[in-house]
Amino acid sequence: MKHDLISDIFTTIRNAEALGKKECIVPASNLAKNILKIMQKEKYIGEVSYIEDGKGGKLRIQLLGKINECGAVRPRFSAGKDEIIKFEKRFLPAADIGILILSTSQGVMTHKDAKKRSIGGVLLGYVY
């Protein structure tokens, strides 16, 4: 039974990468599309395509084999613009390696974009 969509997506991607698969399929939602778009922009995954199944739809993700670890942040910590560095140290292995994904008032973005815009948000996940 699935309760946390973001956690399910990251777990599916992590498991498929560990097995060396070339693609995986996850449930579709607007938040999932935004998260995957960020991962695609940062070159962690390849193409993302929508599959209509008559229910909610699914997303097919092309894997590139570049993800070592990814996961959802639970509980969803609020990170102010000054607190992002603290969460970088907590969830990422080193400086300039990996990304934190935040949901902000200006949309879903990486921690680097949030720092540039000087805004905070809610942590959704991390990828490296």
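The values are calculated or read from the model by the stated rules, or taken from the named source; none is laboratory data. Remember, it's a predicted structure, so these values are computed and weren't measured experimentally. Don't worry about glycine lacking a Cβ; one is built from the backbone with ideal geometry, like all the others, and counts go over all protein chains shown.
Side notes on the structure shown:
- Residue check for Gly98: without any contact (Cβ under 8 Å) to a residue 60 or more places away in the chain, touching a helix residue (DSSP H, G or I) at 6+ places or on another chain (Cβ under 9 Å) and surrounded by 19 or more Cβ atoms within 10 Å (Cβ to Cβ): yes
- Selection of the stretch 23-36 for residues being surrounded by 11 or more Cβ atoms within 10 Å (Cβ to Cβ) and without any contact (Cβ under 8 Å) to a residue 60 or more places away in the chain yields Glu23, Cys24, Ile25, Val26, Pro27, Ala28, Ser29, Ala32, Lys33, Leu36.
- Scoring Val73 on the criteria (1) closer than 23 Å to Ala114 by Cα; (2) loosely packed, with under 15 Cβ neighbours inside 10 Å; (3) not aromatic (Phe, Trp, Tyr) leaves a single failure, condition (2).
- Restricting the search to strands (runs of 3 or more DSSP E) fully inside the stretch 18-128 and requiring at least 1 residues that are closer than 16 Å to Ile6 by Cβ and modelled with pLDDT under 95 gives 23-27.
- Per-region count, the stretch 79-94, residues under 16 Å from Asn68 (Cα atoms) and in contact with a Lys or Arg (Cβ under 9 Å, 6 or more places away or on another chain): 0
- The single condition from (1) more than 25 Å from Arg14 (Cα to Cα); (2) touching a helix residue (DSSP H, G or I) at 6+ places or on another chain (Cβ under 9 Å); (3) surrounded by fewer than 17 Cβ atoms within 10 Å (Cβ to Cβ) that Gly120 fails is (3).
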